[in-house]
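S.K.: Below you will find the structure I want to go over with you.
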Amino acid sequence: MNDYVFDELCSLLARKSNHKTAIRAIRHVRDSDALPIVRVTDEVFERAMDTFAEYDDQEIPFTDHAVSAHAFAHEAPVFTFDVTDFEILGNDVIPRRLDAS
């Protein structure tokens, strides 16, 4: 999980549950070796900035650009249920659409 995804997790938990639950969960994630938080490098950030500018006709959040760039840097798929944005950005997405060939 990169730091942008961690940020989204914190915000989502606080919004959908409550602040106390969010704090408990993020401390658990941060203290666990099972899901390390990987910082986005300057190179990944620059690619995210480039694609954010390039895809200005799309409403893709900057966080998705950062996750996309990070996945490309690590030659990894993106695990998401928000498939469309990452397909637009050219990522290999898991789970794949059922109608995909």
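Values quoted throughout were computed directly from the atomic coordinates according to the rules given, and no laboratory measurement underlies them. Fair warning: this is a prediction, and the values are worked out from it, not measured in the lab. Neighbour counts are summed over all protein chains in view; Cβ atoms, including those assigned to glycine, are modelled from backbone coordinates with ideal geometry.
S.K.: Could you compute the longest span of the chain free of GluC sites (Glu not before Pro) located in DSSP loops and having at most 12 other Cβ atoms within 10 Å, not counting the site residues?
M.R.: On the way: sites that count: E59, E75.
Value returned for the longest uninterrupted segment is 1-58.
S.K.: In sequence order, what are the phi-derived ³J(HN,Hα) couplings for the range 45-58 according to the Karplus relation 6.51 cos²θ - 1.76 cosθ + 1.60 with θ = phi - 60°, rounded to whole Hz, with x for glycine and proline?
M.R.: Result, rounded to whole Hz: 4, 5, 5, 4, 4, 4, 6, 4, 6, 5, 9, 5, 8, 10.
S.K.: In deg cm²/dmol, rounded to 500, what helix-only [θ] at 222 nm does the chain give when every DSSP H run of at least 4 residues adds -39500 (n - 2.57) and the total is split over its residues?
M.R.: About -17500 deg cm²/dmol.
S.K.: Moving on to the next point. Check N2: other-chain or 5+ apart residues with amide H under 5 Å from its amide H, H built from backbone geometry?
M.R.: V38
S.K.: Rounded to whole Hz and in sequence order, give me ³J(HN,Hα) for the range 18-34 from the Karplus expression 6.51 cos²θ - 1.76 cosθ + 1.60, θ = phi - 60°, writing x for Gly and Pro.
M.R.: 6, 4, 4, 5, 4, 4, 4, 5, 5, 5, 4, 5, 5, 8, 8, 8, 6
S.K.: Could you work out the relative contact order of the chain? I mean the mean sequence separation of Cα pairs under 8 Å and 6+ apart, divided by the number of residues, in percent. List each step's numbers first, then the result.
M.R.: On the way: 96 pairs, mean separation 21.7, N = 101.
In percent, rounded to a whole number, it is 21.
S.K.: With a cut-off of at most 16 other beta carbons within 10 Å, and DSSP calling the residue loop, which trypsin sites (Lys or Arg not before Pro) in the range 1-73 qualify? Please list them.
M.R.: Values: sites: R15, K16, K20, R24, R27, R30, R39, R47; in loops: R39.
Answer in residue order: R39.
S.K.: Let me ask another. Suppose R0 equals 35 Å; then what is the FRET efficiency for R96 and D57 from their Cβ-Cβ distance, rounded to the nearest 0.05? Let's see the in-between values first.
M.R.: On the way: r = 25 Å, r/R0 = 0.71.
The calculated FRET efficiency here is 0.90.
S.K.: Of the listed values (1) 14, 41, 34, 11, 0; (2) 15, 50, 30, 5; (3) 15, 45, 27, 11, 2, identify the label whose number matches P(r) over Cα pairs in 10 Å bins from 0, in percent calculated from this model.
M.R.: The listed entry that was calculated here is (1).
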